[in-house]
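Since every read-out is calculated from the coordinates, none of them should be taken as a lab result. Everything numeric here is computed off the predicted structure, so don't read it as measured data. Glycine also receives a Cβ, built like all others from the backbone with ideal geometry; neighbour counts cover every protein chain displayed.
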Amino acid sequence: MTRMTKLAFAGIGGAAACLAIRSIARTAEAQRNAGLGAGKRLLILGAGFGGIGAAVELARLLPQSDNGEIVVIDEDNFLLFTPMLTEAAAGEIDPRHVVVGIHQFSKRIRFIQGRIDHVDVKTREVSVTIGESELDPEQAKIPADHLVIALGSVTNFHHVAGAEEHCLQVKRLGDADAICKRALASIDRALVESDPAKQKALLTFVVAGGGYTGVETIAAVNDLVRDKAVEYGLAPGEVRSVLVNPGDRLLTETSAELGEYAAEKLKQHGVEIRMKTSVKSVSADGVELDSGERIPSHTVIWAAGVKPNPIVESLDCEKGKHGGIKVNACCQIESAPGVWALGDCAEIPQADGTGTYAPTAQNATREGALVAKNIVSALRGEAAQPFTFRPLGELALVGRHAGVARIFGQNIYGIVAWALWRMVYLAKIPGVAPKTRVVSDWILDLFYGREPVELGGERTQATPSQARAAGGQA
């Protein structure tokens with residue numbers, strides 16, 4: 001037997017041993033929790049990364065039917081895998097492939113699809129409208145023994161005139177389809193436009209926001225429209241892509257070096273960048289900047305920040321600096337025993353006292369798991385543990401086969417970062433079937449190019465009034 005073969009067998013044996021130890025530990029934990037939580041309802045509001053993270057961990061810790069009831073309420077019956085939303089907007093992935101049905105996670109999780117109308121944090125009672133208007137909706141009041149508020153966030157337009165009415169967003173599943181449709185429709189319309197000024201406006205695409213979402217969105221849309229423009233017979237130079245960033249560099253969440261690389265790569269791909277510039281107003285035919293410049297465009301995409309779900313404002317509890325639910329380090333609302341909050345709608349203090357944790361999927365998933373463990377500790381009469389987490393790294397796409405990453409303090413650029421982005425996020429997608437669908441989309445795109453089409457008659461994006469009525473749940 002060769003040395004390599006011995007090493008391979010040793011590796012397989014080690015992995016098998018780890019799996020066996022893990023299985024034994026989980027079995028022992030389930031036995032320890034036998035009957036724990038009996039007759040209790042553990043209610044989770046929101047099926048985003050934080051809410052699903054809490055539900056899945058509770059289902060693992062309390063696996064038996066006599067461990068009480070785990071309930072999740074959300075308006076959507078799926079988890080949206082938001083890191084891949086920009087790829088869906090660019091036609092590289094079918095939008096339906098970046099969602100995972102909630103019923104696929106665990107049989108222990110009972111799901112209720114409905115609109116959350118009111119939350120009483122003092123009594124832990126939630127008012128819900130179940131069913132759409134065509135399905136004879138029912139009003140229900142659902143009490144809870146432990147209540148987890150993970151309602152996520154909505155787009156923050158920062159009171160910019162016309163932004164909410166005229167901008168596309170990058171927040172919900174329909175937004176990806178709406179962006180793709182608008183891009184394709186703009187190119188088609190430009191092909192038959194005889195007025196040069198109108199044609200230029202149709203072929204101009206503006207993104208507001210220089211964070212991860214803004215950078216990835218402009219990179220994805222720019223690649224899509226330039227590819228399609230050439231395919232439809234236009235010159236690449238006829239397409240104009242503009243990124244408007246109020247800061248002095250891109251990707252302020254990571255190192256200055258990576259931000260500079262991202263800016264340079266976007267410029268190489270034809271993107272114009274307006275640094276230290278904010279959007280003053282948006283209209284149906286263009287955007288006005290605070291510098292006085294006006295950019296004629298029929299496609300303006302807002303990626304300039306988020307704010308807590310509007311329901312949070314009505315809650316009878318203390319709010320933090322950014323309008324989120326103020327909780328302690330253990331994610332508890334101190335004035336309401338048995339009520340927990342996490343994710344984008346909560347402000348969780350960092351251990352070093354420098355601020356609160358950022359509203360990222362990476363943080364929300366781990367906050368959800370911690371809250372689940374703290375609920376189990378509370379059921380046992382034990383003390384809750386504080387949330388402490390240092391992100392392993394950050395990744396962003398800045399164009400086709402180009403990305404930036406900071407992993408364990410090391411900067412990575414180009415195609416290596418792009419490949420790493422895909423590997424990391426593919427691994428994070430829950431379930432084998434969703435992973436397979438995404439990989440198949442990537443393979444088809446690699447060999448045949450992207451083939452996004454418009455699905456006429458489908459409503460892909462809620463109007464502002466509909467979004468407000470829905471409460472913008474995560």
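Scanning residues 5 or more positions from N156 or on other chains, those with amide H under 5 Å from its amide H are G305, V306, K307, with H placed 1.01 Å from N in the peptide plane.
Counting helices only, and only those DSSP H runs with n ≥ 4, report the 222 nm mean residue ellipticity of the chain as the sum of -39,500 (n - 2.57) divided by its residues, in deg cm²/dmol to the nearest 500.
Working: 12 runs with 170 residues, N = 474.
Value at 222 nm, helices only, nearest 500: -11500 deg cm²/dmol.
Shape analysis of the range 139-192 places it in the prolate category; the axes a ≥ b ≥ c from the Cα gyration tensor give an a/c of at least 1.5, with a/b above b/c.
Rounded to the nearest 5, what % of the DSSP beta bridges within the chain are antiparallel ones? Expressed as a percentage, antiparallel bridges in the chain total about 55. Along the range 307-319 the Karplus relation, 6.51 cos²θ - 1.76 cosθ + 1.60 evaluated at θ = phi - 60°, assigns HN-Hα couplings of 9, x, 3, x, 4, 4, 4, 8, 6, 8, 7, 6, 9 Hz to successive residues, with x for each Gly and Pro. Report, in listed order, any pair from K276/K321; K200/K280; K200/K228 with a Cα-Cα distance greater than 19 Å. Checking Cα-Cα distances, K276/K321; K200/K280 exceed 19 Å.
Of the peptides 269-276, 241-248, the ranking by mean beta-carbon count within 10 Å, highest at the top, reads 241-248, 269-276. Coupling constants for the range 387-398 follow from the phi torsions by the Karplus curve (6.51 cos²θ - 1.76 cosθ + 1.60, θ = phi - 60°), and in residue order they are 8, 9, 7, 10, x, 6, x, 9, 9, 8, 8, 10 Hz; glycine and proline get x. The ranking of F81, F105, F49 from fewest to most other beta carbons within 10 Å of each one's beta carbon is F105, F81, F49. For a 31 Å ceiling on Cα separation, which of these pairs sit above it: K107/K141; K141/K435; K181/K319; K326/K435? Where the Cα-Cα span goes over 31 Å, the pairs concerned are K141/K435; K181/K319; K326/K435.
For the peptides 143-154, 440-451, 65-76, 396-407, what is the packing order when you average, over each peptide's residues, the other Cβ atoms within 10 Å and list the highest mean first? Working shown, then result.
On the way: 143-154: 25.5, 440-451: 12.7, 65-76: 20.2, 396-407: 23.0.
Descending mean neighbour count gives 143-154, 396-407, 65-76, 440-451.
Working note: Karplus 6.51/-1.76/1.60 with θ = phi - 60° gives the range 291-297 the couplings 7, x, 6, 10, 10, x, 6 Hz, where Gly and Pro are set to x. When you count the other C-beta atoms within 10 angstrom of each residue and take the mean per peptide, 283-291, 39-47 line up highest first as 39-47, 283-291.
Enumerate the helices in the chain for which the Kyte-Doolittle hydropathy averages -0.5 or more and the C-alpha atoms extend at least 15 Å along the helix's axis, using complete DSSP H runs.
Values: long enough: 3-32 (43 Å, 0.41); 49-61 (18 Å, 1.18); 173-191 (29 Å, 0.38); 212-231 (29 Å, 0.07); 256-268 (18 Å, -0.81); 361-380 (29 Å, 0.04); 414-428 (21 Å, 1.06); 432-448 (24 Å, 0.51).
Answer set is 3-32, 49-61, 173-191, 212-231, 361-380, 414-428, 432-448.
Let me know the charge dipole size of the chain about its Cα centre in debye, to the nearest 20, where only the beta-carbon of Lys, Arg (+1) and Asp, Glu (-1) is charged. Don't skip to the answer; put the middle values down first.
Details: 50 positive and 55 negative charges, 319 e Å.
The calculation lands at about 1540 debye.
Here the simple spin-label model places points 7 Å from the Cα toward Cβ, and for R380 and Q350 these points are separated by 3.1 nm.
For the range 311-423, the antiparallel share of DSSP beta bridges with both residues in that region comes to about 90%. Which stretch or stretches of the range 57-90 have amide N atoms under 12 Å from the point lying 7 Å from I130's Cα along the Cα→Cβ direction? Within reach of a label on I130: 72-74.
Please report, in debye to the nearest 20, how large the charge dipole of the range 77-178 is about its Cα centre when each Lys and Arg carries +1 at its beta carbon and each Asp and Glu carries -1 there. Numbers along the way, then the final one.
Values: 10 positive and 15 negative charges, 118 e Å.
Computed about the Cα centre, the dipole is about 560 debye.
Dipole magnitude for the range 326-442: about 480 debye, using +1 per Lys or Arg Cβ and -1 per Asp or Glu Cβ, origin at the Cα centre. Taking amide H positions as modeled 1.01 Å from N, with prolines and chain starts lacking one, the residues under 5 Å from T299 and 5 or more places away or on another chain are V206. Of the residues A427, C167, F81, the one whose Cα sits farthest toward the positive end of the charge dipole of the chain, with +1 on the Cβ of Lys and Arg and -1 on the Cβ of Asp and Glu, is A427.
Starting from the Cα-Cα distance between E260 and E138, subtract it from 0.36 nm times their residue separation and give me the gain in nm to one decimal. The partial results should precede the final answer.
Working: separation 122, 0.36 × 122 = 43.92 nm, distance 5.30 nm.
This chain segment gains 38.6 nm when fully extended.
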